Amino acid sequence: MMPNDPYNQLVRDCFSDPQHAGDLTNEYQITSAATVAESVAGDRLTVTVGIDDGLIAAARFRADACPHLIAAAELACTGLENQTIGGLRDFDSHKIMRRLSVPPEKIGKILVLEDVLTTLAQQIEQSIQE
Amino acid sequence: MMPNDPYNQLVRDCFSDPQHAGDLTNEYQITSAATVAESVAGDRLTVTVGIDDGLIAAARFRADACPHLIAAAELACTGLENQTIGGLRDFDSHKIMRRLSVPPEKIGKILVLEDVLTTLAQQIEQSIQE
Amino acid sequence: MTDAIVYLDFASTTPLAADVAAAMHECTAAENIYGNAASQHPAGRKSALVVDHARQQVATLLNVEPERLIWTSGATESNNLAIQGVARTRQHRGKHLITMLTEHKAVVDTFRALEREGYVVTWLAPGEGGLLAADVLADAIRADTQLVSIMHINNETGITQNIHELGHICRERGVSFHVDAAQSTGKVRLDLSDAPIDLLSLTGHKFYGPQGIGALYIADFAAVPITPLVFGGGQERRLRPGTLPVPLIVGLGRAAEIAHEQMDNDLRHLRALNRRLWKGIADVADVLRNGSAEQCFPGILNVSVADVNGESLMLGMEPICVSSGSACNSTSGESSYVLRALGRSDREADGAVRFSFGRTTTNDDIDAAIERYRYAIKQMRSLAPGP
Amino acid sequence: MTDAIVYLDFASTTPLAADVAAAMHECTAAENIYGNAASQHPAGRKSALVVDHARQQVATLLNVEPERLIWTSGATESNNLAIQGVARTRQHRGKHLITMLTEHKAVVDTFRALEREGYVVTWLAPGEGGLLAADVLADAIRADTQLVSIMHINNETGITQNIHELGHICRERGVSFHVDAAQSTGKVRLDLSDAPIDLLSLTGHKFYGPQGIGALYIADFAAVPITPLVFGGGQERRLRPGTLPVPLIVGLGRAAEIAHEQMDNDLRHLRALNRRLWKGIADVADVLRNGSAEQCFPGILNVSVADVNGESLMLGMEPICVSSGSACNSTSGESSYVLRALGRSDREADGAVRFSFGRTTTNDDIDAAIERYRYAIKQMRSLAPGP
Ligand SMILES: Cc1ncc(COP(=O)(O)O)c(C=O)c1O
Ligand SMILES: Cc1ncc(COP(=O)(O)O)c(C=O)c1O
């Protein structure tokens, strides 16, 4: 990586070989997916989680987005697995942004990820109550 | 000589080793000298001729002037020797300027030479009449 | 897939030709030329001599008299000198100027700056195929129009304007005509000897010459007087003072000479590469070609898809070096205004890739680019959420 | 006497240092760096990296932050950008500007152009020893003064202004201060870290760097906003757009680094050469030294005689390359306005010779110059008519 590279190595790794790209089948007690589209740039992000026994057993994402958001989604999915569903609300996007060295002008874009996770949390809480 | 040299080889030769620089002693039937000073640039040119039997036996110059005028004076002195004194009036400065590739903006300066020779011709004609 | 850099961004800047580097090296090292070309002493005259020679080389390329060329630092400066220069000199006659929406930033931003000063600019939209129709230009010219500036080859699409036809209209109407030929000089034949072109900008680093040197061609100094941008010594007819960068000028001259000799070969080579590249990607689903093969310079192939993020596509293209229509690769923060002026949507402009290639590009380079482009599009699409 | 060229015109332009040439060659040939530094792809990033490094090298030389430097094509452009740039941005506040009569053409002609546009310029004359006294500057500053521009080292005489003292007066009075440091950068210590200098111009080819590249130092972009001369891409904070000339920038950076390391040695060497030269010609009848040893940069020695034609003296000096105060060596057609402002007569200015030397000058070069100067003066004098 060159010092003036807009993407750090973690972004590049997550981007070129995302381990959590894709969807989930209905093998979990709860499978829930949420999509948020950002209107200006047209970025879209879907996150799907599979819940078993109150724990996030698996998390996957799909994105039509810039490399930083793709990488952020990948890191988020990695981090969410084996967490309780509270993790969706406690999610610290700023920590991820620091790890990914997201430039200031892009921080707004990455917040889409928080929106998706919040939406997911709401959906799941609702489906548990039902 | 480089093509963009402001001085052609003839100017350079006349400048670096003028054969007719200097004055004349009174060994001629008539020795006459004239000086013209150009007011703007401060150029000064003296031409001295020695006349024997109506012929210019010797011609010399002194100059505080630019290289083109020095070279023109040298060529003029060379050309005048062994001419009749009519040569002072018939002197063709344009031919010399062509040989010296005098740039257009300098032609005015070289005309100082014509002035000197005309003055000389008048002086000599007068001294013959006396 | 290849891990080595494959450079397909020749429209941005070209590598220095080996012969150009050699000429510059010979000038500085072998012939020990370093004098100030404005000095009359021997060291200065040595410099002036090679500067004159280079001016002749560029003049030969354009088939003009060498005295018509003014050295500048590049096409940005040449464009500014021409446009600001004419506008300012002529402002007492009228403040109306004409250009196109699809010009390079160095033209667009110059006109925008003049607008802020009170000049009135008509921004013509391209018509069919990105071209400016002659009658559209004719209709735009007013009694107070002082200058028309139209680029020759577009830097993003390669679309090539009919500058001769447009120039004739300007000449008929007595309006000065400037051409930004940064992308065409040294690449396509440009005979200015009886072209109706008053001013033309070029830059060395687009045709294998050095970066930081360009020129402005001025057909007639008396007919089209220009107010300088910078003031100082008497260099370049007082239009562009400053110590002449002798090795750069030597490099630009040599690049012009090589371009002149190689042009037909170069063009043949580019046409073959262009066909190969398009053949390799034309069947990617929903791919759009920005500019048709007929009206485009073959060294550029610009293609769009609407359903992938431009920035990610660029990263996915690495280590193939191409240029994008996306916001993130530009300092302006918006997707290509050129492609949008051609009718592309924001998303299509954002998902554009400009492949540009040149004398040293090989079939292998093109094949690597095809493979990578197909792969990147496929990856992006497979990663995307459903509609 | 020698027939080989002896170059003593370092104040006009310096030969490229071998190490600078090597750095540029390494950049282009060995490391194969040619990308557009504004491109985000790998080839572009390679270029951006070396550009950043060079900016740091120049910043170290001046002891400033690299972000404060804008690349330009040279000091002519830097001076114009600073002076026109501040004048235009500030014109609503006031149109009064201050400079000196002894500035370089790139400053003088810029102010003259602004005068034609309606700006009011106060032209300060040098006082004792060519220096501008602090109180003279203080008295000239008015309520509507926007900019003071004073050169550091004079290019004809080497006279060195007290820029710190002058800058403090400007700062006290809230006026922007620009310094043309074309002749001093890389040659004398210039620590801008807490200097009262807002803008400073430099150019590469005066300190063994390449021709065609320079920089403008801007202490505070917000405090001293500048209207650009050229418009285009977003390069150099939009203050100076255009594709960055990467090898030139690398060369300038390396030249700055070398200058930083060698400065004390260089200065010691120049002082010795200066003393040797003056010792060799001080006894020529009626020779005048233009500028005293105490207040002059030692790389320049300017001497006059009143009774010889300047142009012929220059030709007589060949093959020693020096610069003259005479009309014929300049494009302006008048003898040195700088020397006349110092009180020299027309004839004294016309008969001036500027010897300027540098890192590679040897004692033999100086001795050859002494011999030739004495010989030429003798020849001219022996050829002159009586008084
Ligand atoms: C069409 C066009 N005009 C002008 C320019 C500016 O050239 P330069 O960056 O050499 O000043 C470019 C390239 O950047 C260009 O493609
Ligand atoms: C004092 C001074 N300022 C400005 C300049 C202009 O520099 P450049 O010719 O590199 O633009 C020079 C040299 O020519 C100079 O000596």
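Return the residues of region C:198-220 that are touching a Lys or Arg at 6+ places or on another chain (Cβ under 9 Å) and either more than 14 Å from every other protein chain (Cβ to nearest Cβ) or at positive phi (or both); say none if nothing qualifies. Of everything in region C:198-220, those that are touching a Lys or Arg at 6+ places or on another chain (Cβ under 9 Å) and either more than 14 Å from every other protein chain (Cβ to nearest Cβ) or at positive phi (or both) turn out to be C:Asp198, C:Tyr208, C:Tyr217, C:Ile218, C:Ala219, C:Asp220. Within region C:57-65, identify whether any single residue is away from ligand 2 (no atom under 16 Å from the Cβ), within 19 Å of C:Val179 (Cβ to Cβ), surrounded by 24 or more Cβ atoms within 10 Å (Cβ to Cβ) and within 9 Å of chain D (Cβ to nearest Cβ), and answer yes or no. For region C:57-65, residues away from ligand 2 (no atom under 16 Å from the Cβ), within 19 Å of C:Val179 (Cβ to Cβ), surrounded by 24 or more Cβ atoms within 10 Å (Cβ to Cβ) and within 9 Å of chain D (Cβ to nearest Cβ): absent. Here region D:91-104 is the region considered, the condition is being surrounded by fewer than 22 Cβ atoms within 10 Å (Cβ to Cβ) and not small (Gly, Ala, Ser), and the residue that is nearest to ligand 2 (Cβ to nearest atom) is D:Leu101.
A count restricted to region C:45-76 and to residues that are in contact with a Leu (Cβ under 7 Å, 6 or more places away or on another chain) and within 16 Å of ligand 1 (Cβ to nearest atom) stands at 5.
Could you check region D:77-99 and list, in sequence order, the residues that are in contact with a Gly (Cβ under 8 Å, 6 or more places away or on another chain), in contact (Cβ under 8 Å) with a residue 60 or more places away in the chain and not small (Gly, Ala, Ser)? Selection gives D:Glu77, D:Asn79, D:Asn80. Any idea how many residues of region C:1-37 are away from ligand 1 (no atom under 16 Å from the Cβ) and in a loop (DSSP other than H, G, I, E, B)? Number of matching residues: 13. Of the strands (runs of 3 or more DSSP E) that lie entirely inside region C:89-191, those containing 3 or more residues that are modelled with pLDDT of 95 or more and of a type in the set (S, T, N, Q) span C:145-151. A:Glu74 meets each of the listed conditions (1) over 18 Å from A:Phe15 (Cβ atoms); (2) touching a residue at least 24 places away in the same chain (Cβ under 8 Å) apart from (1).
The set of residues in region C:208-246 that are within 11 Å of ligand 1 (Cβ to nearest atom) and of a type outside the set (Gly, Ala, Ser) comprises C:Pro210, C:Gln211, C:Ile213. Filter region A:29-71 down to the residues that are among the acidic types (Asp, Glu) and without any contact (Cβ under 8 Å) to a residue 60 or more places away in the chain and list them by number. Within region A:29-71, A:Asp52, A:Asp53, A:Asp64 qualify. Being outside any helix (DSSP H, G or I) and polar (S, T, N, Q) is a condition met by no residue of region C:47-61. All conditions in (1) more than 16 Å from ligand 2 (Cβ to nearest atom); (2) surrounded by 24 or more Cβ atoms within 10 Å (Cβ to Cβ) hold for D:Ile249, with the sole exception of (1). The set of residues from region D:8-47 being more than 11 Å from chain C (Cβ to nearest Cβ) and at pLDDT below 95 comprises D:Glu26, D:Ala30, D:Glu31. For region C:158-185, residues that are in contact with a helix residue (DSSP H, G or I) (Cβ under 6 Å, 6 or more places away or on another chain), within 16 Å of ligand 1 (Cβ to nearest atom), in contact (Cβ under 8 Å) with a residue 60 or more places away in the chain and more than 14 Å from chain D (Cβ to nearest Cβ) total 2.
The values are calculated or read from the model by the stated rules, or taken from the named source; none is laboratory data. The structure displayed is predicted, hence computed values, not measured ones. Methodologically, a virtual Cβ is constructed for each residue, glycine included, from the backbone with ideal geometry; neighbour enumeration extends over all protein chains shown.
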